[in-house]
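Please treat every number below as a calculation from the coordinates, not as lab data. A quick note: this is a predicted structure, and the numbers were derived from the prediction, not measured. Don't worry about glycine lacking a Cβ; one is built from the backbone with ideal geometry, like all the others, and counts go over all protein chains shown.
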Amino acid sequence: MAKRRKNKKPVNKDAWLNTYADMITLILVFFILLFSMSTIDVEKYKKLVEIFNPAAVFETTGSAAESDAATSPNEDITVEEIVDLEDLYQYLSQYTKENGLEDAVSIEKHDKAVAIKFMSSIFFEPDSARIKAGGQQILADIGLAFRAVEPTVRSIRIDGHTAQADSPVDDRDLSSDRANEVLRFFQNGYISDPSKLLSVGFGQYRPVAPNDTEENRAKNRRVEIIISETDDFFSDIAEGSDTAVVVQ
């Protein structure tokens, strides 16, 4: 008696395609995940960096770099944000750096005053008291800052200084004329209360360096502006004050 043959189940030759499709899908998901991880939210990353390192400054390259310890956290300030002498000091320091004036301008912060020293060559030609066009622009920018802080200050003094040199111009007259020109500039467009303005011409008699070289004489030819919360100018910027902060 013949044996019955068992019916064999047909083999699906395309079954491997299911496994292959699953593998491709997983690889695709994996690469999507990698891409999503590589796309970083800049603001969130910046906040994360600041949390772990407050001194870090986030750069446009997307990396973090240590900031200069002397840099103030409030360095970026606009004229509209100025309300007191501290803000004025921050703004003037920022303005000096942004305009490349560090070699010609120095700024000092005292308890109740801010003092700014300009080399006179920024504003004046030799033996002249007429303000140059470039100097007028600098004074205009500074004048806006003075206008903002005017309600909180009592006095703004402009000092003119010259150096020992052979010149047909009297040094006292020249220093006084230059200080007066700067004063009039502020009075005519920026300071509403002229009683807060004062100009002084010291001539060559308050040098900051020996008059033995042209470089030193250039340092002595300067214009100083002292913005004070009091009327006691000289004590506000007393020489050797421990509270002075200088930016050059």
- Item | Enumerated strands (runs of 3 or more DSSP E) restricted to the stretch 82-192, each holding at least 1 residues that are within 17 Å of the chain's Cα centre (by Cα) and of a type outside the set (S, T, N, Q) | 105-109, 113-119
- Query: Has the stretch 193-213 got any residue that is part of a helix (DSSP H, G or I) and touching a residue at least 40 places away in the same chain (Cβ under 8 Å)?
  - Reply: yes
- Message: Take the conditions over 14 Å from Ile225 (Cβ atoms) and among the basic types (Lys, Arg) and apply them to Arg157. Does it pass?
- Response: no
- Task: Residue by residue through the stretch 172-184, note down the ones that are surrounded by fewer than 21 Cβ atoms within 10 Å (Cβ to Cβ) and touching a strand residue (DSSP E or B) at 6+ places or on another chain (Cβ under 7 Å).
- Result: Arg172, Ser176, Asn180
- Could you count how many residues in the stretch 111-149 are within 26 Å of Asp170 (Cβ to Cβ) and of a type in the set (Val, Ile, Thr)? 3
- How many of the residues in the stretch 214-231 are closer than 21 Å to Leu92 by Cα and part of a helix (DSSP H, G or I)? 1
